[in-house]
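What follows draws every value from the coordinates through simple rules; no lab data is involved. In this text the structure is predicted, and so the values were computed from the model without any measurement. Reconstructed Cβ throughout: ideal geometry from the backbone, glycine too, with neighbour counts over all protein chains shown.
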Amino acid sequence: MLVHFLKDPRTIGTVAPSSPFLAKAMAAQLTPFPTIVEIGAGTGAITRHLQKYPNATLLIFEFHSHLLAQLKQKINHPNALFFHGPVHLHRNTLMQFSHSPMAIVSCLPFKSLPSPIASQTEQLYLDLLAANPSSFVRQFSYTTLRKYAPPTRHLPWIQKSTIYANVPPATLWETHTPLNNPTPPATLYTDNT
């Protein structure tokens, strides 16, 4: 991971994979969702925990082709589909799955992503959440001092928990409904940890 980070620090957000504690938290309580999307799968630390949902369709997105090739070798999920490149380029594929509730687990380093990619990804999140109000996005950040938000801030992020056992500590955030939609969704996920 360190070598990849040094080569491309704007698209790889860390020098080490997520800890088992963070990975478990990111993959928690997703049973009701028929589609689980992982964006920025990296080395598969979180993907391995997502395999515990064999009835879900697991859509795995990774920007770096060498990491995606490794994931394809490691992940043994009956309904896993793998995609290479920036997730916003796969909008049509994702929209085909948006008819049913979707859990989006994002590991993207929004604070270091190039601005155009961050903005297009956030627009994709907005479109997916608007297509099905029971869907949600779960994201983590390594800062606990200020609220996580993509650059344009059109999504209301709620802090769920902080994983202090991760190095560095990671804060989990979730969003369900775009700010311009006053109707709260029927929440399928609840966790007070």
In nanometres, what is the gap between the two model label sites at L81 and Q123, each 7 Å from Cα along Cα-to-Cβ? 2.2
For peptides 19-30, 37-48, sequence by mean Cβ density within 10 Å, most packed first: 37-48, 19-30
Among K111/K160; K24/K74; K72/K160; K74/K160, which pairs are too far apart, with a Cα-Cα distance over 24 Å? K72/K160; K74/K160
Here, S19 and K111, labelled 7 Å along Cα→Cβ, have an inter-label distance in nm of 1.7
Quarter of the Cα convex hull surface for segment 22-62, i.e. its orientation-mean projected area (nm²): 2.5
Length gained, Q73-T31, 0.36 nm per residue minus C-alpha separation, equals 12.7 nm
For segment 58-112, build the convex hull from the C-alpha positions and give me its volume per residue in Å³. 96
Return the long-range amide H neighbours of V37 (sequence gap of 5 or more, or a different chain), with a cut-off of under 5 Å between placed amide H atoms. L59, A103, I104, V105
Those residues of segment 36-58 whose amide nitrogen sits under 16 Å from the label point placed on A131, 7 Å along Cα→Cβ: 36-39, 57-58
Assigned charges on the beta-carbon of Lys, Arg, Asp, Glu; segment 39-134 dipole about Cα centre (debye): 300
If each K or R counts +1 and each D or E counts -1, the residues other than Q51 whose Cβ falls under 14 Å of its Cβ total +4
